[in-house]
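The values are calculated or read from the model by the stated rules, or taken from the named source; none is laboratory data. Owing to the predicted nature of the structure, the values given are computational and were not obtained by experimental measurement. Glycine also receives a Cβ, built like all others from the backbone with ideal geometry; neighbour counts cover every protein chain displayed. Note: accessible area is taken over every heavy atom of the protein model, side chains too, but ligands, DNA and RNA are not part of it. Shrake-Rupley method; radii C 1.70, N 1.55, O 1.52, S 1.80 Å.
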Amino acid sequence: MRIPFVAGNWKMNKTIAETRDLLSALLPTLSGIDGVERVVCPPYPALMTASELVAGRGVGLGAQDMHWEEKGAFTGEVAPGMVGELCGYVILGHSERRAYFGETDETVNKKLLAAQKAGLTPIVCIGETLAQYEAGETAKVVSSQTRLGLQGVSAEFAPTIVVAYEPVWAIGTGKASSAENAQGVHGGVIRPVLKELFGAETAQSIRILYGGSVTAANAAEFFSQPDIDGALVGGASLKPEDFISIVRAAQK
Ligand code: PGA
């Protein structure tokens, strides 16, 4: 049985003070929701404060990216061990990192292997652009991103990986994929590739999240699909009531 997983990607939103406010609104209710792994991912400067606030509350903390090297002359970057001091999770390969900051399947893979070494649970993002979707290339793009991004991980680590399918055309646009379309990609493309890479049993245990304009209104429909094991939530994760509703909808 796959435990449902919901993560809030706050992106470049929320100062330290605002993080305090958002977590004060979220935690009393979020702490009491059982049966869903739930994670918040504030920006780096707020992680220290957030780690103190979520401690012992049953809510995980994630960073939105990291570098693959352990330390050194990499101005502006944050090392896996630094993330690991505060967080249990890290988002890797988000489409905004791919589109604006030169992230590639190769760098995603290096970061994934670094997460494995650092004991972090990675949320690995994949997804096609609008042009690729319109050209009918979704399966090709998504399977290639999965294969290249996840290569070389150990058999022990593989089941802990969380994959997030986020069609780029659905992110922040208010135009979510249909649940059927997402199910088709999760069950028809991603899980079969995971099976090829890691075998049937491990493929069945890996959580595959949907992301892209998930809201309190559409979450339940996504979660009713057999291969949609949760969500990576952007905009709606900044609204306490909406995020709580989404987490509740993921409870089986
Ligand atoms: P959105 O973002 O929910 O605002 O579409 C999702 C994401 O980028 O992870």
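Calculate what fraction, in whole %, of the accessible area of the stretch 5-239 sits on carbon and sulfur atoms when a 1.4 Å probe is rolled over the protein chains.
Details: 5360 of 9880 Å².
Accessible surface attributable to carbon and sulfur in the stretch 5-239 totals 54 percent.
Once the Cβ-Cβ distance of TYR44 and THR173 is raised to the sixth power relative to R0 = 35 Å, the FRET efficiency obtained is 0.85. For the set LEU238, LEU232, solvent exposure ranked by accessible area (probe 1.4 Å, protein chains only) runs largest to smallest as LEU238, LEU232. Annotation for the stretch 34-57 versus the stretch 173-232: alpha-carbon center distance of 24 Å.
Between rounded, prolate and oblate, where does the chain land on the alpha carbon gyration tensor, with a ≥ b ≥ c its root eigenvalues, rounded for a/c under 1.5, else prolate if a/b exceeds b/c? Since a/c stays below 1.5, the shape of the chain is classed as rounded.
Roughly how many whole Å is it from the C-alpha centroid of the stretch 123-138 to that of the stretch 75-98? Using only Cα atoms, the two centres lie 23 Å from each other.
In order along the stretch 236-250, the Karplus-derived 3J(HN,Hα) couplings, from 6.51 cos²θ - 1.76 cosθ + 1.60 at θ = phi - 60°, round to 6, 7, 8, 10, x, 5, 5, 5, 4, 4, 5, 4, 4, 5, 7 Hz, and Gly and Pro are given as x. Accessible surface comparison of HIS186, HIS67, probe 1.4 Å, protein chains only, largest first: the order is HIS67, HIS186.
With a ≥ b ≥ c taken as the square roots of the eigenvalues of the C-alpha gyration tensor of the stretch 81-194, please select rounded if a/c is under 1.5 and otherwise prolate if a/b is larger than b/c or oblate if it is not?
prolate
Summed over the residues of the stretch 108-161 and divided among them, the accessible surface reaches 42 Å² per residue at a probe radius of 1.4 Å. Once the C-beta distance of LYS140 and LYS117 is scaled by a Förster radius of 25 Å, the resulting FRET efficiency is 0.25 to the nearest 0.05.
For the options TYR165, TYR100, TYR133, a Gaussian network treatment of the chain with springs between C-alpha atoms closer than 10 Å singles out TYR100 as fluctuating the most.
Annotation: the stretch 125-252 has a Kirkwood hydrodynamic radius of 14.8 angstrom, from the mean reciprocal C-alpha pair distance. Given their separation in residues at 0.36 nm each and the Cα-Cα distance between them, GLU180 and ARG20 gain 53.9 nm when the chain is fully extended. The 1.4 Å probe gives accessible areas that order SER144, SER177, largest first, as SER144, SER177.
Below 8 Å between Cα atoms, with a sequence gap of 6+, how large is the relative contact order for the stretch 5-239 in percent?
The normalised contact order for the stretch 5-239 reaches 18 percent.
Positive contributions from Lys and Arg (+1) and negative ones from Asp and Glu (-1), summed over other residues with Cβ under 10 Å from the Cβ of HIS67, come out at -1.
Just give me a number: lysine pairs in the chain, eight or more positions apart or cross-chain, with C-alpha atoms less than 17 Å apart.
6
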